[in-house]
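Asker: The following block contains the structure, expressed as structure tokens.
Just so it is clear, none of the values below were taken in a lab; they were calculated from the coordinates. What you are looking at is a predicted structure, and each value in this text was computed from that prediction instead of being measured. Cβ placement follows ideal geometry from the backbone for every residue including glycine, while neighbour counts extend to all protein chains displayed.
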């Protein structure tokens, strides 16, 4: 038992590159701005809704959150945007990171307290809550730390849980007959695009796809057993699935897609892009004038031992 717990702790706190956290945080904060301003904006007009329609979720009941008001949603909306824009600089990662987390989560809560809850945002909450615990992180940071490892691992587990629990919900409420139902046919009839409407003429393809989807979601946790090479391919396969879903019925799980990037060596991609940028004329001009943004990476390579123990 002790050995099992030690192995689990070792896996959860596997030291990972701090630079990977730096890249993922940039993507997360950039997405917050895009999401609040362009993608998921329903929280804004719920501020004008009659409080009689307010049905507090579990979080609201526990924290005694009030119904939305115009002032509240404006503060939350622009608090998200301003805090996320400042967080993109890499300064005050904990203060700004958790400010973004509180504003964004509360803003989503406002939207969900007047309608359905979108399950694709659960793993994004985990990222907003845990990525700030790593502390200061730079794109050129060479350190590996357990704090970075735990934050990334938690995001990975939350992302995969989204798939597995989705399959579990299908089986729990629809039973095994879900895979033989007309769920996909109904989805294409309701909101299908020209890319998918032709499938209605050969409905067995949609039936077959339900079996494939169920199998893929149930086996999603296998990704943790794969090698780095096959893990990247698995992530690419999931992205291909989401691209096909969007092309077919215009449904996309945007925040979840950002979280799936936690499986990839983002720091390697960032270094490649920076090298390509540095070879361009504008990149050389930018570098010669010392216009590179971001704080300098820490000079001491001391790994953080647990979340919250990072520098900064």
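Asker: Can you give me the angle between helix 70-87 and the longest principal axis of the chain, using Cα atoms only, in degrees from 0 to 90, rounded to the nearest 10?
Answerer: Roughly 50 degrees between the two axes.
Asker: Just want to confirm a number: the relative contact order over region 13-272, from Cα pairs under 8 angstrom separated by 6+ residues, in percent. Don't skip to the answer; put the middle values down first.
Answerer: On the way: 311 pairs, mean separation 67.6, N = 260.
Contact order relative to length: 26 percent.
Asker: Stokes-Einstein diffusion coefficient for region 151-200 at 25 °C in a medium of 0.890 mPa s, Rh from the Kirkwood formula over Cα pairs: what value in µm²/s?
Answerer: Values: Rh = 13.0 Å.
After rounding, the answer is 188 µm²/s.
Asker: Testing the spin-label approximation: label points 7 Å from Cα along Cα→Cβ at residue 229 and residue 165. State their distance in nm.
Answerer: 3.4 nm
Asker: Any idea what angle helix 266-278 forms with the longest principal axis of the chain, computed on alpha-carbon atoms, 0 to 90 degrees, nearest 10?
Answerer: Helix 266-278 sits at roughly 60 degrees to that axis.
Asker: Rounded, prolate or oblate, given the Cα gyration tensor of region 157-246, with a/c below 1.5 counting as rounded? Intermediate values should be presented prior to the final figure.
Answerer: On the way: a/c = 2.42, a/b = 1.48, b/c = 1.64.
Oblate, since a/c reaches 1.5 and b/c is not below a/b.
Asker: Continuing with the same structure: How tilted is helix 18-34 with respect to the longest principal axis of the chain? Cα atoms for both, answer in degrees (0 to 90, nearest 10).
Answerer: Tilt relative to the chain: about 50 degrees.
Asker: Which value, in Å to one decimal place, does the Kirkwood hydrodynamic radius take for the chain when every pair of different Cα atoms is included? Numbers along the way, then the final one.
Answerer: Numbers: mean 1/r = 0.0462 Å⁻¹.
Mean inverse Cα-Cα distance, inverted, gives 21.6 Å.
Asker: Run the numbers on region 1-74 and let me know its relative contact order in percent, using alpha-carbon pairs under 8 Å that are six or more apart.
Answerer: Rounded, it is 27 percent for region 1-74.
Asker: For labels at residue 62 and residue 82 in the simple 7 Å Cα→Cβ model, what's the distance in nm?
Answerer: 2.9 nm
Asker: Something else: Roughly what percent of Cα-Cα pairs across region 1-117 reach past 20 Å?
Answerer: On the way: 3533 of 6786 pairs.
Considering region 1-117, 52 percent of its Cα-Cα pairs are separated by more than 20 Å.
Asker: Say each of residue 92 and residue 252 gets a label point 7 Å from the Cα, pointing the same way as Cα to Cβ; how far apart are those two points in nm?
Answerer: Reported label-point gap for residue 92 and residue 252 is 3.2 nm.
Asker: When the helices in the chain are scored as -39500 (n - 2.57) per DSSP H run of 4 or longer and the sum is shared across all residues, what 222 nm value do you end up with, to the nearest 500 deg cm²/dmol? Intermediate values should be presented prior to the final figure.
Answerer: On the way: 15 runs with 193 residues, N = 312.
For the chain, the value works out to -19500 deg cm²/dmol.
Asker: A further question on this structure: Please list 232-241, 119-128 highest first by mean number of surrounding beta-carbon atoms within 10 Å per residue. Intermediate results must be reported in sequence, preceding the final value.
Answerer: Values: 232-241: 14.6, 119-128: 20.7.
Highest mean packing first, the order is 119-128, 232-241.
Asker: Going by how many other Cβ atoms sit within 10 Å of their own, how do 8, 95 line up, fewest first?
Answerer: On the way: 8 10, 95 13.
With the sparsest Cβ surroundings first, the list reads 8, 95.
Asker: Also, I was wondering about something else. Peptides 165-173, 151-159: what's the order by average Cβ count within 10 Å, highest mean first? Could the numbers behind the result be given before it?
Answerer: Working: 165-173: 14.3, 151-159: 22.1.
So the peptides 165-173, 151-159, ranked by packing, come out 151-159, 165-173.
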